[in-house]
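Below is one structure, written out as structure tokens; the observations come after it.
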Amino acid sequence: MPEVEIRNVTKRFGDIIAVDNVSLHVHDREYFALLGPSGCGKTTLLRLIAGLIKPDEGEIYIDGKLVNDVPPEDRGVGFVFQTFALFPHMNVWDNVTYGPRVKGWGEEKAARIAHEALEMVLLHERLDAYPNELSGGMMQRVAVARALCAGAKLLLLDEPLGQLDAKVRNQLRYEIRRMAKDLGLTAIHVTHDQAEAMAISDRIAVMRKGKILQVGTPQELYIKPKHIFVANFIGEANFLEGYVKEIKKNHSIVEIRGGIRIKIADKTFKRGERVVLAVRPETTIIEIGKARENNYINGKIERLRFEGTNVRYEIRLENEDEIVAIRPSMTEEWLDVGEKVVVHLPMNKIYVFPYPSKGLREELSVE
């Protein structure tokens, strides 16, 4: 089964650098996600791997073979488009067997493979149905079956669930992963949906403006983000700007706006250095009371939103910064809008980043 290796690949469209000197290694039989906002270059990178476009610089290897000049049909890939791209005049059976027939495989072999694929995607009872007679989820499963029947060992999925409703999307994403794993395929899945990527991927590459910012397992990206954008795009984070006030034996002190002092475990920053603190809403603790020491800040609840399993509290701190805290809706008593609270930022739950040269707002922008 194929590994995919990308070495220093760049792709330009006029003055726009869609993929900027990207290097990446996708392992054999791995379910890998390319995650990022619209326009970050993830679909362009997928199309480069498929051979639908050629890189301006760099090399692409599939199963150890340089494929820069190999046409798409000879790369052993199956491409599943966001728009399904089924032939409207063909029924399910004809769509799925199209690849084997074009490749000149015998009728018996083509039929056997098609039956296996359709059984796997649970559509064997709809062989005679045309695309306009199928739901969006069914059409996407037909598209996956068609890619599998073409003999693909590398499955490339470009926003395959983007046009489906939430319930179908949540169900189908696990089905696609299961199919890829059952067949021992290598899969690269493009999405802008962080929940989708984290739910199904072995590893994820977070992209922004044509570059890969970080590669890791969902747990690594969530627990140990190496970039401000990653901390905000994988999950959610509160950000507070400040500078290193003191460096102690076992911790440092950061002073944020209003002279509020925050104790951090990170000691890698120099005294006087500007930094950004990040803390996730679910680890931000709020309680009734008044601030009594470092990492406790007075505030007032300005808004609350019920989100099913959680309640989201939006709080204005005494220094006018805003912060979000999330508490379980079923296990704790709700607080009220206007209520004065103290916000606790646990020292071991705070991420610290150097202050970005272009400013925090620009660093967080998805444009």
Among VAL342, ASN295, PHE269, which residue has its Cα furthest toward the positive end of the charge dipole of the range 236-364, with +1 on Lys/Arg Cβ and -1 on Asp/Glu Cβ? PHE269
Cα-based helix-to-principal-axis angle, 166-183 vs the chain, degrees rounded to 10: 60 degrees
Go ahead and estimate [θ] at 222 nm for the chain from helices alone: -39,500 (n - 2.57) per DSSP H run with n ≥ 4, summed, over the residue count, rounded to 500. -7000 deg cm²/dmol
List the GluC sites (Glu not before Pro) within the range 178-239 that fall in a DSSP loop (any state other than H, G, I, E or B) and whose Cβ has at most 15 other Cβ atoms within 10 Å. GLU236
Equivalent-ellipsoid semi-axes of the range 156-303, from the Cα gyration tensor, Å, largest first: 39, 19, 13
Convex hull volume of the Cα atoms in the chain, per residue, in Å³? 168 Å³
At q = 0.15, 0.20 Å⁻¹, what log₁₀ I(q)/I(0) does a Debye calculation on the Cα points of the range 236-364 give, no solvent, two decimals? -0.70, -1.13
Filter the trypsin sites (Lys or Arg not before Pro) in the range 118-149 down to the DSSP loop ones having no more than 11 other Cβ atoms within 10 Å, then list what survives. none
Taking just the alpha carbons, could you work out the radius of gyration and Dmax for the range 270-314, both in angstroms? 14.0, 43
Please work out the ratio of the alpha-carbon Rg of the range 5-70 to 2.2 N^0.38 Å and round it to two decimals. 1.06
Please report the spacing between the Cα centers of the range 267-311 and the range 166-240 in Å, no decimals. 26 Å
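Throughout, read-outs are computed from the coordinates displayed, never taken from laboratory work. None of the values given here were measured: they were computed from a predicted structure. Glycine gets a Cβ as well: all are built from the backbone with ideal geometry, and neighbour counts include every protein chain shown.
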